[in-house]
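Below you'll find the structure, written out as structure tokens, and then a few comments.
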Amino acid sequence: MESRLDYFGNPLAGKVLKHINSAGKIVSDSGLPSVTQELVKIRASQINGCGFCTDMHTKDATAAGETPARLNMVAAWREATVFTETERAALELAEQGTRIADASGGVTAEAWANAAKHYDEDQLVALISLIAVINAYNRINVINQQPAGSYQPGQFG
């Protein structure tokens, strides 16, 4: 499988990615736990069918010490007992924030209240921003049919 174009090698795309990457770096450096960040990125990428990002973030999570049992259960987090209530609140917000077009009304008041119970205001800002950023990356890679499977942890810095 080949991508439709060399997005990562295109000068205009480089300018776009510079800004998306800057936003992603701010979120990465926020007070939102890095484990939560990876779980959210994996779940949004699964929902969006982004193999490239799913590959990247499961490998990054593994390199950071995440267990195979938890990674294998991200898609079925509601039935899994391996996630904390705090992580579950983030995963619910990520799902609803990613599936905006699938549900009228967007994120429910219940999902928001549950997230707000577990995260402070800065962490909520980081979580919202993370969901937006990973969805942007997912859309770029899905539209371009970016092949998955060859990512190496730390490949992009």
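The values are calculated or read from the model by the stated rules, or taken from the named source; none is laboratory data. Keep in mind that what you see is a predicted model, and the values were worked out from it rather than measured. We place every Cβ from the backbone using ideal geometry, glycine too, and count neighbours over all the protein chains shown. Remember, those area values only see protein heavy atoms, side chains included, never the ligands or the DNA or RNA. Shrake-Rupley method; radii C 1.70, N 1.55, O 1.52, S 1.80 Å.
Highest mobility in the GNM of the chain, judged by mean-square fluctuation with C-alpha springs under 10 Å and restricted to ASN141, ASN48, ASN21, is found for ASN21. By the rule of a C-alpha distance below 17 Å, with chain neighbours fewer than 8 residues away ignored, the lysines paired with LYS59 are LYS41. Comparing HIS57, HIS19, HIS118 in a Gaussian network model of the chain, where Cα atoms under 10 Å apart are tied by springs, the biggest mean-square fluctuation is seen for HIS19. Under a cut-off of 18 Å between alpha-carbon atoms, report the aspartates and glutamates in cross-link reach of LYS25, not counting same-chain residues fewer than 8 places apart. Leaving aside aspartates and glutamates fewer than 8 places away in the same chain, those within reach of LYS25 are GLU38, ASP60, ASP122.
Give me the percent of accessible area attributable to carbon and sulfur for the chain, probe 1.4 angstrom.
Numbers: 4910 of 8620 Å².
Carbon and sulfur atoms account for 57 percent of the accessible area of the chain.
Ignoring everything except DSSP H segments at least 4 long, calculate the 222 nm mean residue ellipticity for the chain; use -39,500 (n - 2.57) per segment, divide by total residues, nearest 500.
-20500 deg cm²/dmol
Evaluate E = 1/(1 + (r/R0)^6) for THR81 and PHE156, where r is the Cβ-Cβ distance and R0 equals 35 Å; express this FRET efficiency to the nearest 0.05. The partial results should precede the final answer.
Values: r = 33 Å, r/R0 = 0.94.
Step by step, r from the Cβ atoms, then E = 0.60.
Model label points for ASN21 and THR62, set 7 angstrom from Cα along the Cα-to-Cβ axis, are 2.4 nm apart.
This model, with +1 at the C-beta of Lys and Arg and -1 at the C-beta of Asp and Glu, gives the chain a dipole about its Cα centre of some 400 debye.
Considering only LEU91, LEU127, LEU12, the mean-square fluctuation computed in a Gaussian network model of the chain, springs between alpha carbons under 10 angstrom, is largest for LEU12.
Solvent-accessible surface of the chain, taken per residue with a 1.4 Å probe and all protein chains present: 55 Å². Given SER28, GLN46, GLY97, which one lies farthest toward the positive end of the charge dipole of the range 24-157, if we put +1 on the Cβ of every Lys and Arg and -1 on the Cβ of every Asp and Glu? Positive-end residue among those listed: GLN46.
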